[in-house]
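The values are calculated or read from the model by the stated rules, or taken from the named source; none is laboratory data. For clarity, every value in this text was computed on a predicted model and none was experimentally measured. Using ideal geometry, Cβ is built from the backbone for each residue, glycine included, and neighbour counts are taken over all protein chains shown. For accessibility, only protein heavy atoms count, side chains too; no ligands or nucleic acids. Shrake-Rupley method; radii C 1.70, N 1.55, O 1.52, S 1.80 Å.
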Amino acid sequence: METMVRPSNGFLSALSADDYELIRPHLRTVDLPHDAVLVETGETLKRAYFPHRGVISLVVELAKGEHVQVAMIGRDSLLGTLSIMGDACALNTAIVLVPGVASVMDLDRLRIAADQSSTVRTLLTRHGLAVYAQVQQTAGCNAAHPVESRLSRCLLHTHDLSGDSRLLLTQETMAQMIGARRNSVSLVANSLQQANFIHYSRGHIQITNLDGLRQTACECYATVKAQYDRLLGPR
């Protein structure tokens, strides 16, 4: 990268100057277009993505064609942690949910940096655990909590990761995010709009009351946030 200014990504920001220098020469900047597929299930992930803006959705594809989101990655973390620590074969499909910009580097280069620095390895492990905690909580949430609570949770999380109150999310996308039927999402989105928590029109959502969404969301939103703060907060 030509500039010495560190990208606004949580993983990159947490690196010491020496560790960042192991990575910096190999970073380049790319756009994250809406709905772009970064890797599909079963493919080999070749690049690590460090979003500055935008959100990446990790999606499980089921045999009958259903798609269910299991986690989201935004400016707080990176796509590729688990591939660095183990098998590079993708366990799920990664799709750009919210468009943005990311730094990328070849996964092999990041693996070399991890081999050279124990602190890079430790940070990668912590980010991997944070994603795993999110996956676990999402599974429990989708199985046990009502649609309204799940949708509120996902809207709040998407807001946090993207830093934007204006989101482009169709009913089909929101159904995928929470593992629900589209008609259920339509009813719940209308209910949240009537409560003046969101304004929704033709796939465009504006969050107008964060506190209202927090009161409607289940405990899973706060639980995942607490795990991320514990694992990735200042040390």
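Ala102 - would you say it is under 20 Å from the mean Cα position of the chain (by Cα) and not in a helix (DSSP H, G or I)? Yes; evaluated as a whole, the condition is true for this residue.
Residue-level check: of (1) touching a Lys or Arg at 6+ places or on another chain (Cβ under 7 Å); (2) at pLDDT below 95; (3) not aliphatic (A, V, I, L, M), Asp106 misses just (2).
Among the residues making up the range 17-66, those that are of a type in the set (Ser, Thr, Tyr) and at pLDDT 95 or above are Tyr20, Thr29, Tyr49, Ser57. Please determine whether any residue of the range 84-101 is touching a helix residue (DSSP H, G or I) at 6+ places or on another chain (Cβ under 7 Å), under 19 Å from Tyr228 (Cα atoms), surrounded by 23 or more Cβ atoms within 10 Å (Cβ to Cβ) and touching a residue at least 12 places away in the same chain (Cβ under 8 Å). The answer is no; no qualifying residue exists. Only residues that are in contact (Cβ under 8 Å) with a residue 24 or more places away in the chain and open to solvent by less than 30 Å² (accessible area, probe 1.4 Å) were counted across the range 11-47, and they come to 10.
Scoring Leu38 on the criteria (1) in contact with a Leu (Cβ under 9 Å, 6 or more places away or on another chain); (2) farther than 30 Å from Met174 by Cβ leaves a single failure, condition (2). Does Leu79 fit the bill of being in contact with a Phe, Trp or Tyr (Cβ under 6 Å, 6 or more places away or on another chain) and either buried (at least 23 other Cβ atoms within 10 Å of the Cβ) or outside the structural domain of Thr170 (by the TED database) (or both)? Answer is yes for this residue. The residues on offer are Ala222, Ala189, and the sole one that is without any contact (Cβ under 8 Å) to a residue 60 or more places away in the chain and within 30 Å of Arg126 (Cα to Cα) is Ala222. Whether a residue is within 21 Å of Gly54 (Cβ to Cβ), in a helix (DSSP H, G or I) and either charged (D, E, K, R) or in contact (Cβ under 8 Å) with a residue 40 or more places away in the chain (or both) was assessed, and Val131 passes this test. Considering Ala226, Ala180, the condition of being under 20 Å from the mean Cα position of the chain (by Cα), more than 22 Å from Leu78 (Cβ to Cβ), among the aliphatic types (A, V, I, L, M) and modelled with pLDDT of 90 or more is satisfied by Ala180 alone.
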